[in-house]
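Contents: one structure, followed by commentary.
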Amino acid sequence: MGFAYDWTRELATCDPAYYRWEQWLFTRLFEKGLVYKKRAMVNWCPNDQTVLANEQVIDGCCWRCGGAVEQRQIAQWFLKITDYAEELLADLDRLTGWPEQVVTMQRNWIGRSEGVEIAFVVPGSDQAPEQLCRVYTTRPDTLFGVTYLAVAPEHEIARQAAASDPALAAAIDACRPGSVEQATIDTMEKRGVATGRFAIHPLSGAQLPIFVANFVLIGYGEGAVMAVPAHDQRDYEFAGKYGLPLKPVIVPEGFAGDPGSLIEAAAYTEKGVLVDSGEFTGLTSAEAFDALAQHLEARAQGKRRVNFRLRDWGVSRQRYWGTPIPMIHCEQCGDLPVPEADLPVVLPEAVTVDGAGSPLGRIPEFYSVDCPGCGAAARRETDTFDTFFESSWYFARFACPDQTGAMLDERANYWLPVDQYVGGIEHAILHLLYARFFTRLMRDVGLVDVDEPFERLLTQGMVLKDGAKMSKSKGNTVDPQEIMERYGADTARLFIIFSSPPEQSLEWNDDGVAGAHRFLRRLWGLGQELIAAGGYETPAVELDGAYAELRQSLHQQLTQANYDFGKHQFNTVVSAGMKMLNAMTQCPAAESAADRAQRDWVLGEGFEMLLKMLSPIVPHITDLLWRKLGHTGAVLNEPWPEPDPAALARSEVEVVVQVNGKLRARVALPVGCAEDEARAVALAEQNIQRFIDDKPIRKLVYVPERLINIVV
RNA sequence: GCCCGGGUGGCGGAACUGGUAGACGCAAGGGACUUAAAAUCCCUCGGAGGCAACUCCAUGUCGGUUCGAUUCCGACCCCGGGCACCA
């Protein structure tokens, strides 16, 4: 295809020489306290005895055996990306070279919110001591509307309730969602079960029942929420289902009716003014936020808190193919990183893969190690890294792929940030966020000085095949090889570029290939003619009308093409090139020697402009024509063509005349024409008179060099 | 469900900051050249009416703002991407 890849920088992320540096970085992060282990949920197929990816769970069932998938909590390693949440969010404003939609998606993903953490006292029972149930809310103004609490099935209160009551335990168990996938949790039927325990409302002292609910996640926030069914739609539906009371406490400003009338069909989720809220009644939502926060803080019942939607990055995968996580577990010393001298931990390749769990856990030579702390027998971690690890820093490694003594060297600092990064829009959040995070981690261990990895970002739209994303994993890819073999690389490039702007998604269809090839044949044809003509010289006299016009249109098209290049709208660059070629091939043959000199010049100059303009798109044919025209260097090394202002100068422009906003005539006006004159010319048009008829002119809008709109 | 995009002729798409809707190309139809085919060139090509000049309708749907809306605002429908273990 004529790509200009620098193969001397080739690297393979499955090579221990590459992934050892991820292991090294991970151990550094462990020492810095940015790595921790906690229990987290995975999809577990009890039949296949294996962990499933979300993609492999279909309607709550295993894609391979079809059996029901369970949720299982296992210990996993996490990176504290939330420590960087504030910075990752704030620096989005500096990414001026990124598409706004990607910045917006990242901002929403990080999801900073300001709220209040509130502690509800849960009195002791026969089976459990008194304790606190903490919740986080962004709507403390609705606090008096709380009628129950909901906790995750794994919450301590749920566990205690389950321990004392087998029937309840089963009911709580049924509250575990069929998949850990967020979309499943959001769209599944909301279910819950009362734990039989109560919490005390911190201000009113009311007894609030505590439910276990399937939509509350233990891994997010406090694993518990306060429910305000009158003002939250999910709580509203849940309360309706389980016959829980609604207590409206917010009404619109100026509202004097019955608050209950606002919540007959749905929750009232707007902000407003507080009612039925004790001493806070009458405050606006904004005032109540501060007043309640202050009140709770003074009584040590709560505190203001900034919360992020972003969760820490779980990097453990219970898979064989991956970078071994460089940790060792010792009964005495706990979890210790593999000493730097022992890196890399190489993935053993002589293994039997039988589908039941990771083979690494069945290779004693792999997992049996001596504790690097006390020397006692210990066990090596058998999980591997999320493969996003590999893609989070490869761009930096390209700067110094031969560096064997360090993860990166000063060359990475020289090259970073990447000037122009190109990737699919499907990576808008995860890959790009992890790469931004990794760049900061590498910065904070002293490897680079930059904060951001990618200066400018171009997100390609997806190529669809039969309506779905074309991807290696789906196997619905097409290869341009066939087009290349039949028409050559330039045709393949031109066709793809011309199909649509790169940011747009595109249903693959190669119907236009012949047209792209036809254009190159015509370009070649004109080239041969000009080569035969043997060069050109700038004529001493001014250009005649037709030649001046042709030159003007060629320079106009170049202006447009340069503008479109700047917008990365390459398809219209090709259009402009086609228009230039069309204009040149329609130029009549010269009648006289004087004409001939003008013709040769306009075409010669225009053709060379066109070659330079198209050289990034169709490098082979343009370079060949360039050299055949007698030039010695490569066309790609030529300075970029700029339009000649003299060629663009116009004396007259076509202006559209509308009557009541509808196009009725076109007139030619001199550039810089005053409104009076434009008006006179417009009114002289027969069709304009016809539409004005005898109606009085109410208004006349004149946009110089564009249009005249006569309102009658 | 939530977040981000998109919807314009038979098709890919164009339309600058609210100012000529359909550029450029594909496909299709008609014609020229040719013994024939290929290649090339010319003409037509959103829908409807009209010998024609021209007129009416039309940018997913409905409504709004404006002299003027594909473009801005509101509601809705449909399609795609992401939703933390596909990467």
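Every read-out reported here was derived from the displayed coordinates using simple, explicitly stated rules and does not represent laboratory data. Not measured: the values here are computed from a predicted model. Using ideal geometry, Cβ is built from the backbone for each residue, glycine included, and neighbour counts are taken over all protein chains shown.
Put simply, the amide H of A:Leu52, placed in the peptide plane, has neighbours under 5 Å in A:Asn43, A:Trp44, A:Cys45, leaving out anything fewer than 5 places away on its chain. What do you get for Rg/Rh of the range A:1-128 when both radii come from the Cα atoms and Rh is the Kirkwood radius? Taking Rg over the Kirkwood Rh, I get 1.08.
Under 24 Å of direct C-alpha separation, and excluding same-chain neighbours fewer than eight residues apart, A:Lys695 reaches these lysines: A:Lys662.
Remark: the Cα gyration tensor places the range A:469-591 in the prolate category, a/c being 1.5 or greater and a/b exceeding b/c.
What value, in deg cm²/dmol to 500, does the helix sum -39500 (n - 2.57) over DSSP H runs of n ≥ 4 give at 222 nm once divided by the residues of chain A? Don't skip to the answer; put the middle values down first.
Working: 23 runs with 242 residues, N = 712.
The per-residue figure over chain A is -10000 deg cm²/dmol.
Using the Cβ-Cβ distance between A:Thr572 and A:Asn687 with R0 set to 41 Å, the FRET efficiency from 1/(1 + (r/R0)^6) comes to roughly 0.80.
Panel note: the C-alpha atoms of the range A:291-353, placed on their principal axes, show extents of 65, 28, 20 Å (largest first). When the Kirkwood radius is taken over all Cα pairs of the range A:512-658, what Stokes-Einstein diffusion coefficient follows at 4 °C and 1.567 mPa s, in µm²/s? After rounding, the answer is 81 µm²/s. The length gained on full extension between A:Ile531 and A:Arg299, counted as 0.36 nm times the residue separation minus their Cα-Cα distance, comes to 74.5 nm.
Rg/Rh, computed from the Cα trace of the range A:64-110 with Rh as the Kirkwood radius, has the value 1.26.
Against the empirical 2.2 N^0.38 Å (N residues), the range A:534-599 has a Cα radius of gyration ratio of 1.30. Over 21 Å between C-alpha atoms is what I'm after, so list which of A:Lys579/A:Lys612; A:Lys37/A:Lys303; A:Lys190/A:Lys241; A:Lys567/A:Lys628 land there. In this structure, A:Lys37/A:Lys303; A:Lys567/A:Lys628 exceed 21 Å between Cα atoms.
Binning the alpha carbon pair distances of the range A:261-386 at 10 angstrom intervals from zero yields the distribution 11, 24, 16, 8, 12, 19, 10, 0, expressed in whole percent. From largest to smallest, the equivalent ellipsoid semi-axes obtained for the range A:629-672 from the alpha-carbon gyration tensor read 42, 13, 9 Å. Extent along the principal axes, Cα only, for the range A:114-157: 35, 21, 15 Å, with the longest axis given first.
Using a 10 Å cut-off around each Cβ, can you sort A:Thr147, A:Thr281 from fewest to most neighbouring Cβ atoms?
A:Thr281, A:Thr147
Summarise the long-distance tail of P(r) for the range A:1-40 by giving the % of C-alpha pairs beyond 15 Å. Mind showing how you got there, number by number?
Details: 489 of 780 pairs.
Of all Cα-Cα pairs in the range A:1-40, 63 percent lie more than 15 Å apart.
Using a simple spin-label model with pseudo-atoms 7 Å out from Cα toward Cβ, A:Met105 and A:Glu130 lie 5.1 nm apart.
Our summary of shape: the Cα atoms of the range A:381-462 have principal axis extents of 39, 37, 22 Å, ordered from largest down, in whole angstrom. Geometric descriptor of the range A:172-316, per residue, is 149 Å³ (volume of the convex hull of the Cα atoms). Rounded to two decimals, the Cα radius of gyration of chain A over 2.2 N^0.38 Å is 1.31. Label sites at A:Val671 and A:Ala546, each approximated as a point 7 angstrom past Cα along Cα to Cβ, lie 2.4 nm apart. Counting only residues at least eight positions apart within a chain, or on another chain, the aspartates and glutamates with an alpha carbon under 14 Å from that of A:Lys80 are A:Glu31, A:Asp312, A:Asp444. Rounded to 0.05, the FRET efficiency of the A:Glu426 and A:Cys14 pair, given R0 = 30 Å and the Cβ-Cβ distance, is 0.85.
Please give the per residue volume of the convex hull enclosing the alpha carbon atoms of the range A:136-209, rounded to a whole number of Å³.
113
Directionally averaged projected area (the range A:242-332, Cα convex hull): 13.2 nm². Distance from the Cα centroid of the range A:559-573 to that of the range A:8-26 is 38 Å (rounded to whole angstrom).
Write down Rg/Rh for the range A:312-433, rounded to two decimals, with Rg from the C-alpha atoms and Rh from the Kirkwood relation over Cα pairs.
Values: Rg = 17.5 Å, Rh = 16.9 Å.
For the range A:312-433, the value is 1.04.
Here the simple spin-label model places points 7 Å from the Cα toward Cβ, and for A:Lys32 and A:Ala163 these points are separated by 3.9 nm.
Within chain A, the longest run free of GluC sites (Glu not before Pro) that sit in a DSSP loop with at most 10 other Cβ atoms within 10 Å is A:350-536.
Candidate membrane-span-like segments in chain A, meaning DSSP H helices with Cα atoms spread over at least 30 Å of their own axis and a Kyte-Doolittle mean of 0.0 or above, are A:513-533, with no membrane implied. The lysines within cross-link reach of A:Lys465, meaning a Cα-to-Cα straight distance under 22 Å and a gap of 8 or more places when in the same chain, are A:Lys474. In whole percents, the pair-distance distribution calculated for the range A:98-240 from its alpha-carbon pairs, binned every 5 Å from zero, is 2, 9, 18, 21, 20, 14, 8, 4, 2, 1, 1, 0.
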